[in-house]
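Here the structure comes first, spelled out in structure tokens, and everything after it is commentary.
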Amino acid sequence: MKVNTAEFIISNSDVAKCPNEPLPEYAFIGRSNVGKSSLINMLTGRNSLAKTSAKPGKTQLINHFKINSNWFLVDLPGYGYARVSKKAKETFQKFITDYFEKREQLVCGFVLIDIRLEAQKIDLEFINYLGEAQVPFCIIFTKADKISKGKISQHVAAYRKQLLANNWEEMPQYFVTSSTEGTGRDELLNYIDTVNQEIFKNQGFK
Ligand code: GTP
Ligand code: MG
């Protein structure tokens, strides 16, 4: 799929104030600094569409970007930055869990994971939370430019093992990406295109 237009629409911390058009949307979530905003820029080919920073905690709100006038990419704040809590659900900001639980237009959550790191407790908690909330999601490994090709498959295999040990029956669909090198761009856009076409074909989207 070609991205012809990408426009910022609105930022807010209230799901009720998100755009009310019935268009499919895909949301990027993951630890602060994992590369959510950078990936949105890479996918759209617009370097400064979503704001990025070397310091964690840059994105603070729910940000809607309209693509090709008929679907949305959504940039969310990171989790795991200066937020500690015992109850898994409280670990994540209320407006983020509200977004995942209430947003009818959400088609798929993309959970971003830094390919260099072993599975982190907070990522597994978020993945388990999505499973319990029955939110469809994919895993996106980021920063693949930072390790060798051989290490990439080793790290993906280790992740699969961790998820299976966490009672997941299979590895969710996943993508390996690098925002600096454009890795995974075609695969991800094709995936979104296929899902969008299915939705538009069935005219099932209210
Ligand atoms: P928050 O908004 O704070 O939650 O962070 P974020 O997940 O949106 O991360 P952001 O896109 O702002 O990127 C964080 C840092 O990682 C920046 O310095 C980016 O340049 C860098 N970065 C992001 N993706 C990649 C990548 O694929 N490769 C490399 N080498 N650096 C990356
Ligand atoms: Mg960000």
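The values are calculated or read from the model by the stated rules, or taken from the named source; none is laboratory data. This one's a predicted model, so the numbers in the text were calculated from it and none came from an experiment. Cβ sites come from the backbone with ideal geometry, for glycine too, and all protein chains shown count toward neighbours. Calculation scope for accessible area: heavy atoms of the full protein, side chains included, ligands and nucleic acids excluded. Shrake-Rupley method; radii C 1.70, N 1.55, O 1.52, S 1.80 Å.
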| field | Between the range 167-196 and the range 23-83, the alpha-carbon center distance in angstrom | value | 15 Å
| query | Rounded if a/c is under 1.5, else prolate if a/b beats b/c, else oblate: with a ≥ b ≥ c from the C-alpha gyration tensor eigenvalues square-rooted, which is the chain? | reply | rounded
| field | Candidates per GluC sites (Glu not before Pro) in the range 129-206, loop by DSSP, up to 14 other Cβ within 10 Å | value | E169, E170, E181
| remark: For G80, the residues 5 or more places away or on another chain with a placed amide H closer than 5 Å to its own amide H are none
| message | 5 Å is the cut-off here: which amide hydrogens, built 1.01 Å from N in the peptide plane, fall below it relative to C108, excluding neighbours closer than 5 in sequence? | response | E25, A27
| Can you give the % of DSSP beta bridges in the chain that are antiparallel, to the nearest 5? | 40 percent
| task | Could you run the Karplus curve 6.51 cos²θ - 1.76 cosθ + 1.60 with θ = phi - 60° over the range 50-62 and give me ³J(HN,Hα) per residue in whole Hz, x for Gly and Pro? | result | 9, 7, 10, 7, 6, 8, x, x, 5, 7, 10, 10, 7
| Loop-only check: which trypsin sites (Lys or Arg not before Pro) in the range 86-149 are DSSP coil with at most 10 other Cβ within 10 angstrom? | K86, K87
| Percent relative contact order of the chain, based on C-alpha pairs within less than 8 angstrom and at least six residues apart? | 22 percent
| request: Give me the percent of the accessible area of the range 6-192 that comes from carbon and sulfur atoms, probe 1.4 Å, all protein chains in place. | output: 46 percent
| Magnitude of the Cβ-charge dipole of the range 6-192, K/R +1 and D/E -1, about the Cα centre, nearest 20 debye? | 700 debye
